[in-house]
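The values are calculated or read from the model by the stated rules, or taken from the named source; none is laboratory data. What you see is a predicted model, and the numbers here were worked out from it, not measured in a lab. Because the Cβ atoms are built from the backbone with ideal geometry, glycine has one as well, and the counts that use them run over all protein chains shown. Protein only, heavy atoms only, side chains kept; ligands, DNA and RNA dropped before computing areas. Shrake-Rupley method; radii C 1.70, N 1.55, O 1.52, S 1.80 Å.
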Amino acid sequence: MAIDLLNLQPHKVSRDLSGYITYIYGAPKCGKTTLATQMDRPLLLAFEPGYHALPGVMAQDITSWAEMKQVYRQLKNPEVQQQFRSIIIDTIDIAADRCKKYICNQNAIEDLGDLGYGKGWTKFKDEFNEIFRGLTQLGYAVFFIGHHKEQTLNTSDGKERIIVRPNLSNSTRETIAGMADIYGYAHQLRADEMSVLTLRDPSGSIECGCRFKYIPHEITLSYDNLVNAITNAIDKE
């Protein structure tokens, strides 16, 4: 495609999830996959079988990173692009492990660190970016689903502090979270209540964040609530 700077148009910020990479992690069965499947024309790439109770979902099981690359090639097909507009990765935890295993097999090593300082992780980041940023450049919205963990850290004053964050290694977490425009933690405050989505946490006890300055701290977990929160944040900004 020829570049013509004289025909550039101002960028319009998406008011739903269609223009973004979303990453929601949390406890099982709190509504993450249900929310994700309300995206526009979603395709669920199931690295683990978590969609069997969702009628009508379009899902493709993925058992290796080679299969993920095969799906990526098919998603470049214009006919496929007409059928699907959103790609759900469930779960990104397992997808990351598949990617690491793929790189290790390609380089005949047991661990990414065996390639030398930083080289294995660079290959990992490059592979992730090629696939998932490539999907956004093709016009797809990308929605990552993941699990959580509680991690105990020692503060500078010698006290212990519990942090909630994705159940990933530090390097993997930084790679995926760095890609996300919307990064939230889904959980239940009490067992008999609706799940909530924490999008900002001033205390720093929950790892989350968002590119929208005025996004609320926490919302009831639903697709409509998240879209409304984004719309309101854009209007305020």
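This table checks each residue for (1) in contact with a strand residue (DSSP E or B) (Cβ under 8 Å, 6 or more places away or on another chain); (2) open to solvent by less than 10 Å² (accessible area, probe 1.4 Å); (3) in contact (Cβ under 8 Å) with a residue 24 or more places away in the chain; (4) not polar (S, T, N, Q).
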residue: 132; (1), (2), (3), (4): yes, yes, yes, yes
residue: 147; (1), (2), (3), (4): yes, no, yes, yes
residue: 152; (1), (2), (3), (4): yes, no, no, no
residue: 161; (1), (2), (3), (4): yes, no, yes, yes
residue: 167; (1), (2), (3), (4): yes, no, yes, no
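Among the residues of the range 208-236, just one is in contact with a Phe, Trp or Tyr (Cβ under 7 Å, 6 or more places away or on another chain) and part of a loop (DSSP other than H, G, I, E, B), namely 208. Residues in the range 6-49 that are within 27 Å of residue 191 (Cβ to Cβ) and β-branched (Val, Ile, Thr): 22, 24, 33, 34, 37.
Would you point out which residue out of 184, 178, 120 is of a type outside the set (Phe, Trp, Tyr), assigned to a helix (DSSP H, G or I) and crowded, with 17+ Cβ neighbours inside 10 Å? I'd like the intermediate steps shown before the answer.
On the way: 184 fails: assigned to a helix (DSSP H, G or I); 178 fails: crowded, with 17+ Cβ neighbours inside 10 Å.
Every option except 120 fails the conditions.
Here is the figure for the range 187-207: residues that are open to solvent by 20 Å² or more (accessible area, probe 1.4 Å) and not in a strand (DSSP E or B) total 13. Listed by first and then second residue, the pairs linking a residue in the range 54-77 that is at positive phi to a residue that is crowded, with 17+ Cβ neighbours inside 10 Å, with Cβ atoms under 9 Å apart and 6 or more places separating them unless they lie on different chains, are 56/37.
Among the residues of the range 148-155, none qualifies, meaning not one is out of contact with any Lys or Arg (no Cβ under 9 Å at 6 or more places or on another chain), at pLDDT 85 or above and either hydrophobic (A, V, I, L, M, F, W, C) or farther than 18 Å from residue 97 by Cβ (or both).
I'd like to check something: does the range 108-115 contain any residue that is within 24 Å of residue 198 (Cα to Cα) and not in a strand (DSSP E or B)?
No, the range 108-115 contains no residue that is within 24 Å of residue 198 (Cα to Cα) and not in a strand (DSSP E or B).
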